[in-house]
Amino acid sequence: MTRVLGIDPGTTVTGWGVVESKGSGFGHVAHGCIRTSPDTPLPQRLGEIFTGLTAAIRAHRPEVVTVEEIFVSMNVQSALKLGHARGVAIVAANAQGLEVFEYTALQIKQAVVGYGRAEKSQVQAMVKMLLALPAAPPQDAADALAGALCHLQCASGVAALLARRVAS
């Protein structure tokens with residue numbers, strides 16, 4: 001069984017979600033959002049994100065962490081702020097001794113929805129279905145859970161491929 005923490009970084013809302021492999025399926029462990037005020041100075045908001053992610057890591061004990069890569073064609077200021085939040089997420093994971101894997105939004109959507117250009121509502125619906133949740137999680141938490149699911153699907157695919165190679 002592998003437990004993965006997915007993180008969808010943002011300076012106003014950082015989503016997180018923990019998923020574990022269960023046989024040939026997946027199990028939901030927990031999810032949430034770390035919300036900061038846009039009126040608070042950025043360094044303090046980054047500290048709040050670090051504290052919140054550290055608490056989630058300690059509470060749910062993932063084995064690895066996934067973080068979504070930055071989509072570069074956005075506003076430069078937004079990309080810089082998002083880069084700060086990503087950096088905090090990576091540092092929080094590293095501070096707890098966890099390995100970090102990065103996936104593009106396209107890879108995550110392809111793995112979870114089957115279509116790399118899926119809408120956020122489609123990601124939410126698939127996460128709800130795959131994890132048998134009673135309701136769709138908030139968008140940022142759904143994106144984080146999708147990142148964790150992507151990693152588990154990629155890891156199981158690689159394991160299956162290696163098992164076939166060994167058997168050949």
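A straight Cα-to-Cα reach below 20 Å connects Lys22 with the lysines Lys128, residues fewer than 8 places away in its own chain not being considered.
Using only Cα atoms, find the angle between the long axis of helix 139-167 and the longest principal axis of the chain, and express it within 0 to 90 degrees, rounded to the nearest 10. Compared with the principal axis, the helix lies near 30 degrees. Of all DSSP-defined beta bridges confined to the range 3-167, some 65% are antiparallel rather than parallel. Which of the three applies to the range 26-124, rounded, prolate or oblate, going by the alpha-carbon gyration tensor with a ≥ b ≥ c and a/c under 1.5 meaning rounded? Judged from the Cα gyration tensor, the range 26-124 comes out oblate (a/c at least 1.5, b/c at or above a/b). Each of Ser121 and Thr40 was given a label point 7 Å from its Cα along the Cα-to-Cβ line. The distance between the two points is 3.1 nm.
With each label modelled as a point 7 angstrom along the Cα→C-beta vector, the Asn75-Cys154 pair spans 2.9 nm.
Bear in mind that the values in this text are calculations on the coordinates, not laboratory data. If you're wondering where the values come from, they're calculated on a predicted model, not measured in any experiment. Heads up, the Cβs are rebuilt from the backbone with ideal geometry, glycines too, and the neighbour counts pull from every protein chain shown.
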